[in-house]
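Asks: Structure below; questions to follow.
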Amino acid sequence: MTLSLDTAFRNAVSGLNAAQAGLSVTSQNVANANTPGYSRKIVSQESVITGSTGSGVAVTDVTRAVDQYLRSELRRATSDESRDSARASVLDSAQRVFGKVGGNNSLAADIDEFLTQLEAVANAPEAGSERYNLITAAKGLTERLNANVEQVGRLRANTDSDIGNSVTTINNALREIYDLNVQIQRGNAFGEPVSELEDRRDMALGRLSEQMDIEVMPSQNGKISIYSGSGQTLLDESLRQLTYTPAAQASLDTVFGPIKVVAVDPKTLAQQNDGDVLVSGGTSSTVTSNVQGGELAGLLQARDKDLAALTGQLDAVADALVERMNAVHNQGTSFPPPSTLTGSTDVTGTTALAATGTMRIAAVASDGTLLAAPLDIDLSTIATVGDLRDAINASPLGGHMTAAIVDGKFTLTTTGAGTGIAMSEGTSQVTGSDGAVRGLSHHLGLNNLFTGGSAATVAVKADILADPQRVSTGLLKSTAAAAGDVAITAGDNRNGMALAEAVNTAAAMPGIGSLSPGSYSLAEYSREIITNIASVAAEASARAEDSGILKDDLAFRDASVAGVSVDEEMSALILYQNAYTASARVLTTAKQMFDELLNMVGN
């Protein structure tokens, strides 16, 4: 009987302890019902057997109610949503730079205004006010290109800075997970509960998955190893960190540094090896990335694909504007003709001229008549820029103008007051170092309307900006052959009409990014840029919304497994309370019986 009472005592006490443990875990669950990242805890217990006899109950562990497969899928969905959202946010900002399709405050609208003013000048070539309006429109157009590419550049620089911030967040998460790995390993070795530490580690993994795609593998003693989606080791027995230095500025020529994964000392964070390349360095066109998910992937795609394409598209507009307008402008002349023409191409006397055809140069009086017979230069006889200079100076025109190379530019300057220079490209063709074939004046840049070759540098040529009368609206008459013949007139609008036609005529434009190659006018290509960025931004936003829906669904399913239901915990609380009461009653009854036994023995 004493053995039975002793067993009853032990069983009751173990029941009380088990009920207390259950009550403690239940209260912890209820207290953290609204705590982010907290997973519901479950008391695991089993019966104790001594020999073949039951000896009560023992609490074996406190575990987490977590579906590891579901949580792994949630991390993947989190990476996808963060990638898509980061890219959509950048593209939304880029879209605002360009305005709306058909809007008045856009690059396409400025090109339309430039065309309108060209047509106005062509219809009234003698009106000085129309030329002033034209140059104002041209200046507005170039400033729009300058501003747009600058804004895109700032957005790229900000995106690159955000890449640096993402790397910092990744490093902080990796350090936290490394420290938690150590604590969990130590806790398991000493038989201490580690479920709360595992919750904290899962939260850190969630923050890490927001930044990049990861794969998590269980290791010994509760530790985990982390790999990038492409298989590169991010964390194992050693602590690793990402290295990256954002660029000071961002243009198409900017060389971005690589992102590497390096081993570091856990205490000092001193780098211990050269590391593995996660994202290669180089210009945006050459960067390759092994990161496929997370904010980092979205930012890299925005920086190196989307925004780089926008910069390239703006440069294509600027290049086409300069090439098309200068090609036509160099064919004509203004009235009155200019007394000085200065090229924009860098040359020396020995610079080769791969040229064919003929070009005409004339010295013209202020009334538009020839001062001497025009000079037709047979370019097949000209080998260098120095030969061209010498041929002009040795001709009868040498008494009216001087050809020279000043500060690396070819120049023509009249020698008499009231004398101007008029030119016709004729059949001249010069093959430049870029492979393009241009007329001789265009090749040298003698009578350009625009300068620069990119969206950042394009501008109205300074002398025309200062004097709109220098706009070449007329052509040198091919019939003017002797001194006194009328060479140019104030009402000649033939080149003005050609300038307007050049703006409005479709020509080949490159395909850049998702913008297809084709034949476009300047306004059409500009509208395509606006339409394309709006389409790409809308697509990115829709993708972010879709991936967000999937993430939310998985988060809901994860919460249904790991989250705390207060109603369920209240039910469990009643069960543990009843169990505790029953065990206490057994203990009280056993004590009474034991006391009675002692009294009987004592009597």
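Asks: So which pairs qualify, if the first residue must be in the stretch 325-336 and hydroxyl-bearing (S, T, Y), the second must be open to solvent by less than 10 Å² (accessible area, probe 1.4 Å) and in a loop (DSSP other than H, G, I, E, B), the Cβ gap must be under 9 Å, and the two must be at least 6 apart or on different chains?
Replies: Going by the 9 Å Cβ cut-off, the qualifying pairs are T333/S472; T333/T473; T333/A487; T333/I488; S334/V471; S334/S472; S334/T473; S334/I488.
Asks: Got a sec? Which of V430, V458, V471 is more than 30 Å from A373 (Cα to Cα) and either among the acidic types (D, E) or buried (at least 21 other Cβ atoms within 10 Å of the Cβ) (or both)?
Replies: Working: V430 fails: more than 30 Å from A373 (Cα to Cα); V471 fails: more than 30 Å from A373 (Cα to Cα).
The conditions single out V458.
Asks: Return yes when A523 is in a helix (DSSP H, G or I), closer than 25 Å to Q95 by Cβ, open to solvent by less than 80 Å² (accessible area, probe 1.4 Å) and not basic (K, R) and no when it is not. Outline the logic, then answer.
Replies: Numbers: in a helix (DSSP H, G or I): yes; closer than 25 Å to Q95 by Cβ: yes; open to solvent by less than 80 Å² (accessible area, probe 1.4 Å): yes; not basic (K, R): yes.
Yes, satisfied.
Asks: (1) at pLDDT 95 or above; (2) among the β-branched types (V, I, T); (3) not in a strand (DSSP E or B): which one isn't true of T286, the others all being true?
Replies: Among (1) at pLDDT 95 or above; (2) among the β-branched types (V, I, T); (3) not in a strand (DSSP E or B), the lone unmet condition for T286 is (1).
Asks: Sort out which residues of the stretch 416-428 are in contact with a helix residue (DSSP H, G or I) (Cβ under 8 Å, 6 or more places away or on another chain) and farther than 18 Å from V471 by Cα, and write them in order of number.
Replies: The one that is in contact with a helix residue (DSSP H, G or I) (Cβ under 8 Å, 6 or more places away or on another chain) and farther than 18 Å from V471 by Cα: S428.
Asks: Here's something else I'd like to know. Within 23 Å of A88 (Cα to Cα) and either part of a helix (DSSP H, G or I) or open to solvent by 50 Å² or more (accessible area, probe 1.4 Å) (or both): which single residue out of D558, D552 fits that description? Step through it out loud before you land on a result.
Replies: On the way: D558 fails: within 23 Å of A88 (Cα to Cα).
Testing whether each residue is within 23 Å of A88 (Cα to Cα) and either part of a helix (DSSP H, G or I) or open to solvent by 50 Å² or more (accessible area, probe 1.4 Å) (or both) leaves just D552.
Asks: A further question on this structure: Before we move on, is E130 at pLDDT 95 or above and either out of contact with any Ser or Thr (no Cβ under 9 Å at 6 or more places or on another chain) or surrounded by fewer than 24 Cβ atoms within 10 Å (Cβ to Cβ) (or both)?
Replies: It is false that E130 is at pLDDT 95 or above and either out of contact with any Ser or Thr (no Cβ under 9 Å at 6 or more places or on another chain) or surrounded by fewer than 24 Cβ atoms within 10 Å (Cβ to Cβ) (or both).
Asks: Confirm whether E176 is open to solvent by 70 Å² or more (accessible area, probe 1.4 Å) and not hydrophobic (A, V, I, L, M, F, W, C).
Replies: no
Asks: To continue, here is another question. Just give me the residues in the stretch 440-460 being over 17 Å from G496 (Cα atoms), in a loop (DSSP other than H, G, I, E, B) and touching a strand residue (DSSP E or B) at 6+ places or on another chain (Cβ under 7 Å), in sequence order.
Replies: Result: L446, G452, V458.
Asks: Looking at the stretch 288-310, which of its residues are open to solvent by 10 Å² or more (accessible area, probe 1.4 Å), under 14 Å from S228 (Cα atoms) and touching a Ser or Thr at 6+ places or on another chain (Cβ under 6 Å)?
Replies: Hits for the stretch 288-310 are N290, E295.
Asks: Could you check how many residues of the stretch 312-339 are open to solvent by less than 10 Å² (accessible area, probe 1.4 Å), assigned to a helix (DSSP H, G or I) and out of contact with any strand residue (DSSP E or B) (no Cβ under 7 Å at 6 or more places or on another chain)?
Replies: Total meeting the criteria: 4.
Asks: Let me ask something else about it. Across the stretch 211-236, which residue is nearest to the chain's Cα centre (by Cα) among those that are open to solvent by 40 Å² or more (accessible area, probe 1.4 Å) and of a type in the set (D, E, K, R)?
Replies: Step by step, filter the stretch 211-236, then rank; the result is E215.
Asks: Further question on the same structure: Taking the stretch 21-47 as the search range and keeping residues that are part of a strand (DSSP E or B) and open to solvent by less than 70 Å² (accessible area, probe 1.4 Å), which one is farthest from D567 (Cα to Cα)?
Replies: S44
Asks: Consider the stretch 127-157. How many of its residues are under 18 Å from A523 (Cβ atoms), in contact (Cβ under 8 Å) with a residue 60 or more places away in the chain and charged (D, E, K, R)?
Replies: Here the count works out to 1.
Asks: From (1) aliphatic (A, V, I, L, M); (2) surrounded by 14 or more Cβ atoms within 10 Å (Cβ to Cβ); (3) under 46 Å from the mean Cα position of the chain (by Cα), pick out the condition that doesn't hold for A480.
Replies: (3)
Asks: Still on this structure, I have one more. Given the options V277, V262, V287, V255, name the one that is β-branched (V, I, T) and farther than 29 Å from I512 by Cβ.
Replies: Numbers: V277 fails: farther than 29 Å from I512 by Cβ; V287 fails: farther than 29 Å from I512 by Cβ; V255 fails: farther than 29 Å from I512 by Cβ.
Being β-branched (V, I, T) and farther than 29 Å from I512 by Cβ holds for just one of V277, V262, V287, V255, which is V262.
Asks: Criterion first (surrounded by 20 or more Cβ atoms within 10 Å (Cβ to Cβ) and more than 30 Å from R494 (Cβ to Cβ)) does G56 satisfy it?
Replies: So G56 passes the test.
Asks: Ok, one more. Just one of T427, T402, T413 is under 28 Å from A320 (Cα atoms), of a type outside the set (D, E, K, R) and at pLDDT 95 or above; which is it?
Replies: Being under 28 Å from A320 (Cα atoms), of a type outside the set (D, E, K, R) and at pLDDT 95 or above holds for just one of T427, T402, T413, which is T427.
Asks: Identify the single condition in (1) over 26 Å from G513 (Cα atoms); (2) in a loop (DSSP other than H, G, I, E, B); (3) among the aliphatic types (A, V, I, L, M); (4) open to solvent by less than 60 Å² (accessible area, probe 1.4 Å) that L269 does not satisfy, given that it satisfies every other one.
Replies: Only one criterion is unmet by L269, namely (4).
Asks: Among the residues of the stretch 455-463, are any more than 17 Å from N326 (Cα to Cα) and under 42 Å from the mean Cα position of the chain (by Cα)?
Replies: yes
Asks: Of all residues in the stretch 433-454, count the ones that are open to solvent by 50 Å² or more (accessible area, probe 1.4 Å) and of a type in the set (V, I, T).
Replies: 1
Asks: Based on what the data block shows, is N123 buried (at least 17 other Cβ atoms within 10 Å of the Cβ) and either in contact with a Leu (Cβ under 8 Å, 6 or more places away or on another chain) or farther than 26 Å from I214 by Cβ (or both)? Reasoning before the result, please.
Replies: On the way: buried (at least 17 other Cβ atoms within 10 Å of the Cβ): no; either in contact with a Leu (Cβ under 8 Å, 6 or more places away or on another chain) or farther than 26 Å from I214 by Cβ (or both): yes.
For N123, the condition - buried (at least 17 other Cβ atoms within 10 Å of the Cβ) and either in contact with a Leu (Cβ under 8 Å, 6 or more places away or on another chain) or farther than 26 Å from I214 by Cβ (or both) - is not met.
Residues checked against (1) open to solvent by 30 Å² or more (accessible area, probe 1.4 Å); (2) touching a residue at least 24 places away in the same chain (Cβ under 8 Å); (3) hydrophobic (A, V, I, L, M, F, W, C); (4) assigned to a helix (DSSP H, G or I):
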{"residue": "A86", "(1), (2), (3), (4)": "no, yes, yes, yes"}
{"residue": "A94", "(1), (2), (3), (4)": "no, yes, yes, yes"}
{"residue": "V101", "(1), (2), (3), (4)": "yes, yes, yes, no"}
{"residue": "A108", "(1), (2), (3), (4)": "no, yes, yes, yes"}
{"residue": "L115", "(1), (2), (3), (4)": "no, yes, yes, yes"}
{"residue": "E119", "(1), (2), (3), (4)": "yes, yes, no, yes"}
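Asks: Next question. Applying the selection to the stretch 180-201, what residues are of a type in the set (A, V, I, L, M) and within 17 Å of N32 (Cα to Cα)? Show your work before the answer.
Replies: Of the residues in the stretch 180-201, the ones of a type in the set (A, V, I, L, M) are 180, 182, 184, 189, 194, 197.
Those that are of a type in the set (A, V, I, L, M) and within 17 Å of N32 (Cα to Cα): V194, L197.
Asks: If you don't mind, there's one more thing I want to ask. Please go through (1) under 24 Å from V328 (Cβ atoms); (2) assigned to a helix (DSSP H, G or I); (3) open to solvent by 30 Å² or more (accessible area, probe 1.4 Å) for A391 and return the number of the only condition it doesn't satisfy.
Replies: (1)
Asks: Is there a residue in the stretch 6-13 that is open to solvent by 60 Å² or more (accessible area, probe 1.4 Å), farther than 22 Å from F190 by Cα, touching a residue at least 24 places away in the same chain (Cβ under 8 Å) and not acidic (D, E)?
Replies: Looking for residues that are open to solvent by 60 Å² or more (accessible area, probe 1.4 Å), farther than 22 Å from F190 by Cα, touching a residue at least 24 places away in the same chain (Cβ under 8 Å) and not acidic (D, E), one finds at least one in the stretch 6-13, hence yes.
Asks: Looking at the stretch 408-422 only, could you name the residues that are open to solvent by 10 Å² or more (accessible area, probe 1.4 Å) and on the phi < 0 side of the Ramachandran plot? Explain how you work it out, then say what you get.
Replies: From the stretch 408-422, those open to solvent by 10 Å² or more (accessible area, probe 1.4 Å) are 408-409, 411, 413-419; that's our starting set.
K409, T411, T413, T414, T415, G416, A417, T419, listed by residue number.
Asks: If V503 satisfies every condition in (1) assigned to a loop (DSSP other than H, G, I, E, B); (2) touching a Phe, Trp or Tyr at 6+ places or on another chain (Cβ under 7 Å) but one, which is the exception?
Replies: (1)
The values are calculated or read from the model by the stated rules, or taken from the named source; none is laboratory data. Keep in mind that what you see is a predicted model, and the values were worked out from it rather than measured. Note that we place each Cβ from the backbone using ideal geometry, even for glycine, and neighbour counts take in every protein chain shown. Note: areas computed on protein heavy atoms with side chains; ligands, DNA, RNA excluded. Shrake-Rupley method; radii C 1.70, N 1.55, O 1.52, S 1.80 Å.
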